[in-house]
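Encoded as structure tokens, the structure appears first; notes follow it.
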Amino acid sequence: MEILQEQLRAKKAGISYAMLTVAESEGTTPCKLGKKMLLLEDGATFGTIGGGELERQALEDSAKAIKDGQSFFKHYDHKPTYEEPGLGCSFKVSILVEVVRPLLQLVICGGGHVGSAVLRLAKNLHFETILIDNRAIDQIQDQIELAERFIPCEAYEAGILNGNIRDGAYYICCASTHTQDKSALKGILQKRFAYLGMLGSMRKTTEMYRQLEAEGIGRELIEQIHCPVGLDICDMSPEEVAFSILAEILMVKNSGTGKSRMDIR
């Protein structure tokens, strides 16, 4: 029961983990068939698959698997190291290690034309899409259905701060008014984020940045905002703007250059 509770807690908190299960067991061994053990990315463990050197080796392999994001199935042979024959037992155990890593969160602040296009395109990428919008649900039902999760709000700042969004999320501000975008920015800039982009002209951007600085937000934070948002690859249709935004997000996520692969040597 403890393992299940900790597994659910890790999922909710967005923590990577590995579940170890004894899938095959041969010989006299404490590693009984079906025994399970949970390893969290910070090294915490719950349960046991039998202890000893074999468990230590399996945990070491599993910790590497969490970093690599790769599940595996491995056979372990245990042979006694005692010099005197007859002491200790030989056995073979197969361990299934299932690695679970949380999806990165992509937060769309405003489900307008561009926001809706981002939601549609992001379905083919490995993100948990979260829509935040302050409009009535019946006005944005289609957009809500496109998202993995919907956070209703009156003010975007409050929706972001109270919406159970993990650190390291990717944000796009594309609300229907400058005031709403500013509210979203004020919330996001209080959190740790991997990417923050905002739709808008240079004129809008300059004025909004001036207001944010006047309200005490540091310039070093403001300079992390991508605005105008997206790569220079599109016309100004919502679909192509959305594509260019996601291209920029992938560039940041994967530490890319934005160059054509043909030009990279």
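Things to note:
- Hits in segment 131-171 (condition: charged (D, E, K, R), modelled with pLDDT of 95 or more and closer than 18 Å to Gly197 by Cβ): Asp133, Glu157
- Any pair with Cβ under 6 angstrom, 6 or more apart, that starts in segment 155-177 at a residue that is closer than 17 Å to Val252 by Cα and in the same structural domain as Leu199 (by TED's automatic domain parsing) and ends at one that is surrounded by 15 or more Cβ atoms within 10 Å (Cβ to Cβ) and among the acidic types (Asp, Glu): Cys173/Asp181
- Pick from segment 19-36, criterion among the polar types (S, T, N, Q) and assigned to a strand (DSSP E or B), ranking: modelled with the lowest pLDDT: Ser25
Matching residues to (1) farther than 30 Å from Ile49 by Cα; (2) touching a residue at least 60 places away in the same chain (Cβ under 8 Å); (3) outside any strand (DSSP E or B):
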site	(1), (2), (3)
Ile95	no, yes, no
Arg120	yes, yes, yes
Asn124	yes, no, yes
Leu131	yes, no, no
Gln143	yes, no, yes
Ile151	yes, no, no
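- Residue within segment 207-224 that is small (Gly, Ala, Ser) and in contact with a Gly (Cβ under 9 Å, 6 or more places away or on another chain) present: no
- Of all residues in segment 188-208, those that are within 17 Å of His178 (Cα to Cα) and either at pLDDT 95 or above or not in a helix (DSSP H, G or I) (or both) total 8.
- Evaluation of Asn164 against (1) part of a loop (DSSP other than H, G, I, E, B); (2) in contact with a Cys (Cβ under 8 Å, 6 or more places away or on another chain) (one fails), failing number: (2)
- Screening Cys227, Cys174 for residues that are at pLDDT 95 or above and touching a strand residue (DSSP E or B) at 6+ places or on another chain (Cβ under 7 Å) leaves exactly one candidate, Cys174.
- From the list Ile137, Ile217, the lone residue that is touching a residue at least 12 places away in the same chain (Cβ under 8 Å) and surrounded by 16 or more Cβ atoms within 10 Å (Cβ to Cβ) is Ile217.
- Within segment 193-236, the set of residues being among the basic types (Lys, Arg) and under 22 Å from Asp167 (Cα atoms) comprises just one member, Arg219.
The values are calculated or read from the model by the stated rules, or taken from the named source; none is laboratory data. What you see is a predicted model; the values in this text were computed from it and never measured. Methodologically, a virtual Cβ is constructed for each residue, glycine included, from the backbone with ideal geometry; neighbour enumeration extends over all protein chains shown.
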